[in-house]
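What follows is a single structure, written as structure tokens, with notes after it.
The values are calculated or read from the model by the stated rules, or taken from the named source; none is laboratory data. Here the structure is a predicted model, which is why all the values come from computation and not from measurement. Please note: Cβ atoms are built from the backbone with ideal geometry, for glycine as well, and neighbour counts cover all protein chains shown. SASA here: full protein model, heavy atoms, side chains in, ligands and nucleic acids out. Shrake-Rupley method; radii C 1.70, N 1.55, O 1.52, S 1.80 Å.
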Amino acid sequence: MDFGHDARTEELRTRLRDFLRERVHPAEEIADRQRTEQESPWRTPPVVEELKGEARRLGLWNLFLPDSEYGAGLTNLQYAPLAELTGHSPDLAPTAVNCAAPDTGNMELLRDFGSAEQRRRWLEPLLAGEIRSAFAMTEPEVASSDATNITTRIERSGDSYVITGRKWYISGAMNPDCAVFVVMGLTDPDAEPRRRQSMVLVPRDAPGLTVRRAMRVYGYEDHAHGGHAEVVLDGVRVPRENLVGEEGGGFAIAQARLGPGRIHHCMRLIGMAERAIELMCRRAVARTAFGGPLAEQGVVRNWIADARVTVEQLRLLVLKTAWLMDTVGNRGAHTEIQAIKIAVPRAVVSILDRAVQLHGAGGVSQDTPLAHLWAAARTLQLADGPDEVHQRSLARRELRPYEQELRG
């Protein structure tokens, strides 16, 4: 395994780092101010559109897509250090370079499973950054970490599907630019459990679709991400051509979509940890307590040293996972994808927690990004499958050969 950056990755990395330093980081306060001045805080601030235009001119656009027809043509291993950099400013940078969830996963879904007409109508404007999208899977009434529990009904009615159900924590749905929902629901309750679900595309303006409210995440509404909405589908009717793939294929499509999404989150989380370490170090050398800089306190030095060791370990595991996805495919990297999904959010939460502690009252305030970063990282221990689901699956795979050996 060779994790060294090739010439193209290093060139893009330098260009992206300069873009973040010169344009994105200074725009963070501007974007916050513009949201408060707008009629709705959910609308994309003008400065974000300016950043998107500049990113396109710089060739920093759709970096996550490995095929050159739709994206930058980078491998997962090439994209990893770039996604990490965007994690330094998770509210702005991913959107600025059109690499923000849930759009990334939906673009991959449409590329791999969408019809020619679906790609024309939805994928092309998503690739151009003209619209946003949402992925409607999670439900409040069932344990949605087990996708076979989904209860939203998708029923045939002539040449249409009729959809009835309630979803929540549907990221991006509060943004008025969110033009389409990928909805997962039950099409055949009598089929084998993993063949009961299907996915359909539902336009935002479809009669019967109501974006009811914004769900909060540790008190944050996450305006920059388009929020996390509760969505009600009350007899929503869409043409049968809006089916993604085949009936009964929803579970398999969801698994295919979530694999890359999980590693992208982990890549960005490492960038979030790096920003936390930077803030810790600046605070430690600038603040004096009990007769000397905080940097002279042994516990503070331990926190910083442990954070550096942890980030280096996590980065290597993420890079190994990216390399495996490139060489043996997502299925071949299944164990490693689960491992990083367990390890990275948990460790980054710990690093951010210590950074908050080092900043005292300022760490929990709106004057640093630490509290919001902590909330985002902690939420990722639930998103795309809770830790315990991945631990269950990973342990089962580890135990299987020993169980087979015991059975003879």
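Note on residue 2 and residue 120: the model spin-label points, each 7 Å out from Cα along the C-beta direction, lie 4.4 nm apart. Each residue, residue 252 and residue 75, gets one label point 7 Å from its Cα in the Cβ direction; the gap between the two is 2.8 nm. Only the Cβ atoms of Lys and Arg (+1) and of Asp and Glu (-1) were treated as charged; on that basis the dipole of the chain about its Cα centre amounts to roughly 500 debye. Residues 387, 188, sorted by accessible area with the largest first, give 188, 387 [1.4 Å probe; ligands and nucleic acids excluded]. Residues of region 335-379 with an amide N closer than 19 Å to a point placed 7 Å from the Cα of residue 396 along the Cα-to-Cβ direction: 335-343.
Ordering 324, 244, 281 by Cα displacement along the dipole of region 244-399 toward the positive end leaves 281 in first place; charges were set at the Cβ atoms of Lys, Arg (+1) and Asp, Glu (-1). Oblate is the label for region 162-267, because a/c, from the alpha-carbon gyration tensor with a ≥ b ≥ c as root eigenvalues, is 1.5 or above and a/b does not exceed b/c. Give me the log10 of I(q) over I(0) for region 242-343 at q = 0.15, 0.20, 0.23 Å⁻¹, as the Debye formula computes it from C-alpha points; what are the numbers? Taking Cα atoms of region 242-343 as identical point scatterers yields -0.72, -0.96, -1.11.
Gap in Å between the Cα centre of region 143-188 and the Cα centre of region 33-60? Result: 29 Å between the Cα centres. Spatially, region 198-217 and region 277-296 are offset by 47 Å when compared through their Cα centroids. Once the chain from residue 190 to residue 316 is taken as fully extended at 0.36 nm per residue, the excess over their C-alpha distance is 40.9 nm.
Computed about the Cα centre, the dipole magnitude for region 168-283 is approximately 460 debye when only Lys and Arg (+1) and Asp and Glu (-1) carry charge, each at its Cβ.
Given their separation in residues at 0.36 nm each and the Cα-Cα distance between them, residue 308 and residue 234 gain 21.6 nm when the chain is fully extended.
Averaged per residue, the chain has 46 square angstrom of accessible surface, using a 1.4 angstrom probe with ligands and nucleic acids left out.
For region 1-44, the dipole from Cβ point charges (+1 on Lys and Arg, -1 on Asp and Glu) about the Cα centre works out to 80 debye, to the nearest 20.
Residues 335, 210, sorted by accessible area with the largest first, give 210, 335 [1.4 Å probe; ligands and nucleic acids excluded].
I need the shape label for region 219-263. Rule: rounded when a/c is under 1.5, else prolate if a/b > b/c, else oblate, with a, b, c from the alpha carbon gyration tensor. It comes out oblate by the Cα gyration axes. Between the residues 260, 48, 364, the greatest Cα displacement towards the positive end of the dipole of the chain, with unit charges on the Cβ of Lys, Arg, Asp and Glu, is found for 364.
The residue among 102, 76, 59 whose Cα reaches farthest toward the positive pole of the charge dipole of region 54-103, with charges on the beta-carbon of Lys, Arg, Asp and Glu, is 59. In terms of its C-alpha gyration tensor, region 1-153 has an oblate overall shape, because the principal axis ratio a/c (a ≥ b ≥ c, square roots of the eigenvalues) is not below 1.5 and a/b does not outweigh b/c.
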